[in-house]
Amino acid sequence: MTWQSPIAPGISWYQASVGDRPEYPALDGSVSADVAIIGGGYTGLQAAFNLSRLGASVVLIEGSRFGDGASGRNGGQLGTGQRAWPTELEAELGYERSKALFDLAENAKHYLLDFAEQHGIDIDYIPGQMNVAHKRGWEKDYRHDAEVMATRYGYPHVSFMDREETGQRVGSTRFHYGVRDTGTGHIHPLKLLVGLARVAASAGAKIHEMTPASAIRQAGGKTVIDTPRGTITADRVLIATNAYIGNLEPVTAAHVMPIRSFIGATVPLDKFPDVLPGSEAVADSRFVVRYFRKTRDGRLLFGGREAYTSDSPRDISSHIRRQIAEIYPSLASVEMTHAWGGSVGITMPRKPFAREVLPGVTSLAGYSGHGVMLSNYSGKMYADMVAGNASELDILKDLKIPPFPGGGRLRKPLLFLALTWYALRDRF
Ligand SMILES: Cc1cc2nc3c(=O)[nH]c(=O)nc-3n(C[C@H](O)[C@H](O)[C@H](O)COP(=O)(O)OP(=O)(O)OC[C@H]3O[C@@H](n4cnc5c(N)ncnc54)[C@H](O)[C@@H]3O)c2cc1C
């Protein structure tokens, strides 16, 4: 029977196309380790792999199955740099810190692609990504951003696209102009995750599915994690639960908020050769970003709809199909084969959250929709930090991430109001 994630709605096309997805046993009994990791997405599994490789004993627990969190269900776009453009970060943080964040993201991109290649994980990598404008009025900024990236940031792979080029490459007249990035691309996220779990286990990490942590306690200089059928006692703990933190740990929960995002997959579009003829990925300029791309077998994967409450829409497909038709009228009645959702962890300033939340307990989360490459690399940076090697994690730790206002009770309603306002603004 097809596995239905208990933490996210819908069966993804990724699940249907990933092939062999081995199961790992739940933790049964009490154990100790140098490092315990809670959460088996890219962050947690990369930390487990790298720590094991460096000689640490590691136990990782995943509350559901590997791939049920964002890492197995996302849009697959790697992007470049951080969520904000370098020009925005430079205005806020100055050139040096902005450049350090840019370089960190480039290292993250290369790390991910090299990791997949070295371990023989076929992640369906397709090069090319475009950021396109759904409104007029920002053309100067787009041109400037492309130029600054090429000159001040030493990244020559971006170019400005006028209306004609944008239309031809996207296969739609809906966007006014854009920036094309040939130095990045998109992947099959679940293939990466399944391969990563295999590689982490082979490196010696003890990895367990269906083992939710219910509490984190500190006793006798160690940290103890409670699970249904045993405890883990460790010198260090990594919380890698991202948007799914729930009530497990209050500092992370105050700084990282879940937003639900939904994706639909069409049948292969052999009859529509004009739709993304170069199979590049696209992200538009809305606050509630529409992101789409072609898969290796020619389907359109389209993400856009968001929800700020925990309810799941009953019919994800129809809504996504309407959004597809706004961009591609010829696909108004296209057959959708899969539709699913997942939770993105966002922070107030849309920058990653990296903090020691208790002695020896680090939390990494809040990549704000830009985590495919950053979460993989964050797991690696954490392992380097624990091993005492040079680590770039301090660059993320130094970022100022304030908590969401409103305290435990009001946080979610306030966020709902703010985001609904921004979503409304996208329409004008
Ligand atoms: C629909 C969608 C589209 C996205 N598109 C993109 C994109 O195109 N590009 C991009 O860069 N980013 C994208 N993202 C974001 C990206 O997927 C994430 O930033 C990244 O996968 C985060 O990885 P992670 O390991 O930190 O978290 P996750 O992959 O979410 O893993 C956290 C894990 O922790 C587990 N967990 C939670 N609580 C417990 C507990 N108490 N005990 C044990 N385990 C627990 C969860 O079950 C989950 O598996 C998207 C996200 C979504 C949902």
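The values are calculated or read from the model by the stated rules, or taken from the named source; none is laboratory data. Because the structure is predicted, anything quoted here is derived from the model rather than measured. Reconstructed Cβ throughout: ideal geometry from the backbone, glycine too, with neighbour counts over all protein chains shown. Note: accessible area is taken over every heavy atom of the protein model, side chains too, but ligands, DNA and RNA are not part of it. Shrake-Rupley method; radii C 1.70, N 1.55, O 1.52, S 1.80 Å.
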Subset tally (residues that are open to solvent by 20 Å² or more (accessible area, probe 1.4 Å) and either touching a Ser or Thr at 6+ places or on another chain (Cβ under 6 Å) or away from the ligand (no atom under 15 Å from the Cβ) (or both)) for segment 49-70: 5
Among residues of segment 372-396, those that are in contact (Cβ under 8 Å) with a residue 40 or more places away in the chain and within 16 Å of the ligand (Cβ to nearest atom), counted: 12
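Residue-by-condition table, conditions (1) assigned to a loop (DSSP other than H, G, I, E, B); (2) in contact (Cβ under 8 Å) with a residue 60 or more places away in the chain; (3) open to solvent by 10 Å² or more (accessible area, probe 1.4 Å); (4) within 13 Å of the ligand (Cβ to nearest atom):
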site	(1), (2), (3), (4)
5	yes, yes, no, yes
9	yes, yes, yes, yes
15	no, yes, yes, no
28	yes, yes, yes, no
35	no, yes, no, no
47	no, yes, no, yes
88	no, no, yes, no
Residue list for segment 73-86, restricted to those being in a loop (DSSP other than H, G, I, E, B), within 14 Å of residue 109 (Cα to Cα) and near the ligand (Cβ under 10 Å from one of its atoms): 76, 78, 79, 83
Residues of segment 249-258 satisfying the condition of being open to solvent by 10 Å² or more (accessible area, probe 1.4 Å) and either among the β-branched types (Val, Ile, Thr) or within 23 Å of residue 78 (Cβ to Cβ) (or both): 251, 258
Residue 282 vs. criteria within 14 Å of the ligand (Cβ to nearest atom), assigned to a loop (DSSP other than H, G, I, E, B) and of a type in the set (A, V, I, L, M, F, W, C): no
Tally, over segment 93-124, of residues that are in contact with a helix residue (DSSP H, G or I) (Cβ under 8 Å, 6 or more places away or on another chain) and among the acidic types (Asp, Glu): 2
Any hit, segment 206-213, residues being under 24 Å from residue 116 (Cα atoms) and either in contact with a His (Cβ under 6 Å, 6 or more places away or on another chain) or of a type in the set (Val, Ile, Thr) (or both): yes
When residues of segment 352-369 are limited to those that are surrounded by fewer than 24 Cβ atoms within 10 Å (Cβ to Cβ) and assigned to a loop (DSSP other than H, G, I, E, B), the one nearest to the ligand (Cβ to nearest atom): 369
Residue within segment 285-308 that is outside any loop (DSSP other than H, G, I, E, B), acidic (Asp, Glu), within 12 Å of the ligand (Cβ to nearest atom) and under 19 Å from residue 134 (Cα atoms) present: yes
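Residue-by-condition table, conditions (1) in contact (Cβ under 8 Å) with a residue 12 or more places away in the chain; (2) open to solvent by less than 20 Å² (accessible area, probe 1.4 Å); (3) among the aliphatic types (A, V, I, L, M):
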site	(1), (2), (3)
78	yes, yes, yes
83	yes, no, no
91	no, no, yes
98	yes, yes, no
114	no, no, no
Residues satisfying the stated conditions in segment 221-271, i.e. among the small types (Gly, Ala, Ser) and touching a helix residue (DSSP H, G or I) at 6+ places or on another chain (Cβ under 9 Å): 240, 243, 246, 253, 254, 261, 264, 265
Strands (runs of 3 or more DSSP E) (entirely within segment 157-252) containing at least 2 residues that are within 14 Å of residue 131 (Cα to Cα): 158-161, 178-186
